[in-house]
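J.: Take a look at this one; I'll ask things after.
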Amino acid sequence: MSYADVYQSWTSDPEAFWMEAAGAIDWARPPSRALDDSNAPLYEWFTDGMVNTCYNAVDRHVENGRGDQIAIIHDSPVTGTVRKISYVELRNRVAMLAGALRAKGVEKGDRVIIYMPMIPEALEAMLACARLGAIHSVVFGGFAAHELAVRIDDAKPKAIIAASCGIEPGRVVHYKPLLDGAIEQAHHKPDFCVIFQREQEVAHLEEGRDVSWHGFQFGVEPAECVPVEGNHPAYILYTSGTTGAPKGVVRPTAGHLVALNWTMKNIYDVDPGDVFWAASDVGWVVGHSYICYGPLIAGNTTIVFEGKPVGTPDAGTFWRVISDHKVKSFFTAPTAFRAVKREDPKGEYLKKYDISCLKKIYLAGERADPDTINWAKDKTGLPIIDHWWQTETGWAIAANPAGIEMLDIKVGSPSVAMPGYDVQILDEAGHPMKPGELGAIAVKLPLPPGTLPTLWNAEERFRKSYLTTFPGYYETGDAGMVDGDGYLYIMARTDDVINVAGHRLSTGAMEEVLASHTDVAECAVIGVTDELKGQLPLGFVCLTKGVNRPYDEITAECVKLIRDQIGPVAAFKLAVVVDRLPKTRSGKILRATMVKIADSESFKMPATIDDPEILDEIAEALKSIGYARDKTPA
Ligand code: COA
Ligand code: AMP
């Protein structure tokens, strides 16, 4: 069947399409129907089925004769180790961990926060929760204690599973003090914490609260898989919204299983037994879907890579891992290739490795710029497949369905809508736009299986954030267009979310932190263009009257404040003091105009601007830190 046939088969009978896809999952009780629209516009999938995620990702492969196949390869250039775990070992390890969690009172529906680096134990912790029907929430290691505390207060976990440390090039990240700090800041307190002690650092355990990963499994009974309802939340993953309060995206169990399983062959073109590698982090949605669940559900070997594209030890790391472990499909963020390209523009490192095992390269997480795509294609001779999705959807909205049919690649486009997604470009009034016209990208409801049904404890926020602007549609928050062949082009965000090295961050959250500085009266954070990371945050601060200290001192404090409150991942290093911020007459800060000035792009003077002269002051301030180089405001 061609892509057009498959898409058409979904359009003509979505129910039959998803019921057929559900046939590839092992159910404790098969669902009698796919879509549950009884609470529209909130939709759910496979609600009357009973199923367990861990069973489908681990146990069933052992029962089907894949027990000796490697499930997880931990390749860790930062520690100089490689470790392999077979499916049968994984089953045994996860069953013991789940048994130990159960013995300490963790049950179906309880939340468990996981704060771990890129080690197999992070996946084991996720799977152990899934085994019990407990709802995990993984927090990325690059977030600071405050961000962790915010998530603890929202998810209210019974337990937290953490590692003693993470390893970044050149430094050990001490997780334990961050965890202790977060628990101290949070109003909610977990019953207990499980600490995985790494060789590189043994953390102090708090008596009465902390248990060691190994110690607490001693003598427990392994746990069996607990079947849960199809709409039972498998996990909560927090992502940036427009304010400092992150959104808790809920992932429903059955839809997640069905959709991810469908994507492994149809999008990523891998069969059971093939090696699949997503070079991301378990703290992000890519890590959830394509380091942990997707490849394991489909019976692939997945790679947990603890390193960076460059510097661990060099720009040949990606090629080395692909060659050593016979990776068939590889997924990373464009920024990672930009980093490799910067260090090895001629692809000299690539020549050292035989990567003939690799068939396709996938990019997502941010806009894939044509230079990067062309460089990767030129150097590897492989198809470079851009695809577009979000934490909210959990899998690709648009992609090149390489396992069905490899469509022509149009550089700059993540190709076409996947079955399940009726993607529309809408104008401000919600009317469909013509091909080639730029508008808001929306998806006609219902969204397909595996996508978010709501936000954790925040149904109103869910409705307001996604369903209200265009009734009957899900608002993606991205703007773009479609061409005459149905290829999508994703151009920009329509909100205050920025994308730094493939990491989604909220400028609003950063503004809240800057505003808490005693000398800051007012502030604005924008995302400026960066050659390596795509975007970088840049803060403007206006000082409280009477403050008379060196500006450098204040901006350095601002940088430190964001690092301490949000974390190093925010990569907030640019701050500048200005007298005033440009605003509309109604008081709205003109962030988009400031972005254009910083990026030296031409812009139209906003008709509603209160005082155009402020833009000159902004340009001068930006020049002092190396931005707004080429043009002054019109
Ligand atoms: N724990 C603690 N700190 C972390 C961390 C983690 N898990 N991940 C990143 N950080 C820190 C880094 O050490 C760095 O700190 P620094 O300011 O002290 O140098 C900061 O957060 C920014 O990290 P990063 O974005 O990784 O930037 P970098 O300059 O170290 O590396 C790239 C640049 C392009 C190599 C890197 O961003 C990269 O590999 N990107 C790929 C992105 C990706 O996989 N995205 C996932 C979505 S698909
Ligand atoms: P996240 O939820 O962190 O995965 O970020 C999702 C956002 O990243 C999307 O809404 C887009 O703004 C951006 N994004 C992800 N993939 C792409 C892509 N292939 N092209 C352009 N933007 C992308």
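The values are calculated or read from the model by the stated rules, or taken from the named source; none is laboratory data. Bear in mind that the values here come from a model prediction, so they are computed numbers and not experimental data. Methodologically, a virtual Cβ is constructed for each residue, glycine included, from the backbone with ideal geometry; neighbour enumeration extends over all protein chains shown. Note: accessible area is taken over every heavy atom of the protein model, side chains too, but ligands, DNA and RNA are not part of it. Shrake-Rupley method; radii C 1.70, N 1.55, O 1.52, S 1.80 Å.
J.: So how many residues does the stretch 602-617 have that are more than 20 Å from Asp495 (Cβ to Cβ) and either in a loop (DSSP other than H, G, I, E, B) or touching a strand residue (DSSP E or B) at 6+ places or on another chain (Cβ under 7 Å) (or both)?
T.: Final tally of qualifying residues: 8.
J.: Sticking with this one: For the stretch 247-260, does any single residue satisfy the condition of being within 18 Å of the chain's Cα centre (by Cα) and in a loop (DSSP other than H, G, I, E, B)?
T.: There is no residue in the stretch 247-260 that is within 18 Å of the chain's Cα centre (by Cα) and in a loop (DSSP other than H, G, I, E, B).
J.: Here's a follow-up. I'm trying to understand the selection: among the residues of the stretch 147-174, which are open to solvent by 10 Å² or more (accessible area, probe 1.4 Å) and in contact with a Cys (Cβ under 7 Å, 6 or more places away or on another chain)?
T.: Those that are open to solvent by 10 Å² or more (accessible area, probe 1.4 Å) and in contact with a Cys (Cβ under 7 Å, 6 or more places away or on another chain): Val172, Val173, His174.
J.: Can you pull out every residue in the stretch 92-116 that is open to solvent by 10 Å² or more (accessible area, probe 1.4 Å) and in contact with a strand residue (DSSP E or B) (Cβ under 9 Å, 6 or more places away or on another chain)?
T.: Within the stretch 92-116, Arg93, Lys104, Gly105, Lys108, Gly109, Asp110, Arg111 meet the criteria.
J.: In the stretch 371-394, what residues are open to solvent by less than 30 Å² (accessible area, probe 1.4 Å) and more than 11 Å from ligand 2 (Cβ to nearest atom)?
T.: Selection gives Thr372, Trp375, Ala376, Thr380, Leu382, Ile384.
J.: Next question, about the same structure. Looking for something touching a strand residue (DSSP E or B) at 6+ places or on another chain (Cβ under 8 Å), without any contact (Cβ under 8 Å) to a residue 40 or more places away in the chain and part of a helix (DSSP H, G or I) - is there at least one such residue anywhere in the stretch 569-591?
T.: no
J.: Here's something else I'd like to know. May I ask you to list pairs of residues, at least six apart or on different chains, whose Cβ atoms are under 8 Å apart, with the first in the stretch 308-326 being of a type in the set (Gly, Ala, Ser) and the second being within 10 Å of ligand 1 (Cβ to nearest atom) and open to solvent by less than 10 Å² (accessible area, probe 1.4 Å)?
T.: Close Cβ pairs satisfying both conditions: Ala315/Val340.
J.: Now for a different question. As an exercise: evaluate Asp281 against (1) open to solvent by less than 10 Å² (accessible area, probe 1.4 Å); (2) not aliphatic (A, V, I, L, M); (3) not in a helix (DSSP H, G or I) and give the number of the one condition it does not meet.
T.: (1)
J.: Can you find, within the stretch 277-302, the residue that is farthest from ligand 2 (Cβ to nearest atom) among those that are farther than 21 Å from His136 by Cα and under 18 Å from the mean Cα position of the chain (by Cα)?
T.: Trp277
J.: Within the stretch 69-76, does at least one residue satisfy the condition of being open to solvent by less than 10 Å² (accessible area, probe 1.4 Å) and within 29 Å of Tyr466 (Cα to Cα)?
T.: The answer is no; no qualifying residue exists.
J.: Do you know which residues across the stretch 151-179 are more than 16 Å from ligand 1 (Cβ to nearest atom) and over 16 Å from Ile114 (Cβ atoms)?
T.: Asp153
J.: Report, by residue number, each residue of the stretch 9-42 that is without any contact (Cβ under 8 Å) to a residue 12 or more places away in the chain and assigned to a loop (DSSP other than H, G, I, E, B).
T.: Asp13, Gly23, Ser38, Asn39
J.: Residues Gly141, Gly166, Gly133: which one is at pLDDT below 95, touching a strand residue (DSSP E or B) at 6+ places or on another chain (Cβ under 8 Å) and closer than 21 Å to Leu237 by Cβ?
T.: Going through Gly141, Gly166, Gly133 in turn, the sole match is Gly141.
J.: Can you tell me which condition Phe337 does not meet? The list is (1) more than 13 Å from ligand 1 (Cβ to nearest atom); (2) crowded, with 21+ Cβ neighbours inside 10 Å, and all the others hold.
T.: So the condition that Phe337 fails would be (1).
J.: Next question. Which of the residues spanning the stretch 126-143 are outside any helix (DSSP H, G or I) and either open to solvent by 10 Å² or more (accessible area, probe 1.4 Å) or within 16 Å of ligand 2 (Cβ to nearest atom) (or both)?
T.: Matches in the stretch 126-143: Ser137, Val138, Val139, Phe140, Gly141, Gly142, Phe143.
J.: Still on this structure, please answer the following. Cβ-Cβ under 6 Å, sequence separation 6+ or interchain: first residue in the stretch 387-403 and under 13 Å from Tyr466 (Cβ atoms), partner polar (S, T, N, Q) and in a loop (DSSP other than H, G, I, E, B). Which pairs?
T.: Qualifying pairs under 6 Å: Thr393/Thr451.
J.: Turning to a different aspect of this structure: In the stretch 192-235, what count of residues is obtained for those that are in a strand (DSSP E or B) and open to solvent by less than 60 Å² (accessible area, probe 1.4 Å)?
T.: Looking only at that region, the number is 14.
J.: Could you list, in sequence order, all residues of the stretch 483-510 that are touching a helix residue (DSSP H, G or I) at 6+ places or on another chain (Cβ under 8 Å), part of a loop (DSSP other than H, G, I, E, B) and either over 15 Å from Thr391 (Cα atoms) or open to solvent by 40 Å² or more (accessible area, probe 1.4 Å) (or both)?
T.: Passing the criteria: Asp496, Ala501.
J.: Further, regarding this structure: Please give the number of the condition Ile562 fails out of (1) touching a strand residue (DSSP E or B) at 6+ places or on another chain (Cβ under 6 Å); (2) without any contact (Cβ under 8 Å) to a residue 60 or more places away in the chain; (3) away from ligand 2 (no atom under 16 Å from the Cβ).
T.: It fails just one condition, (1).
J.: Evaluate the following for Ala259: is it crowded, with 23+ Cβ neighbours inside 10 Å and under 27 Å from Glu15 (Cα atoms)?
T.: Here the answer is yes, as Ala259 does meet what is asked.
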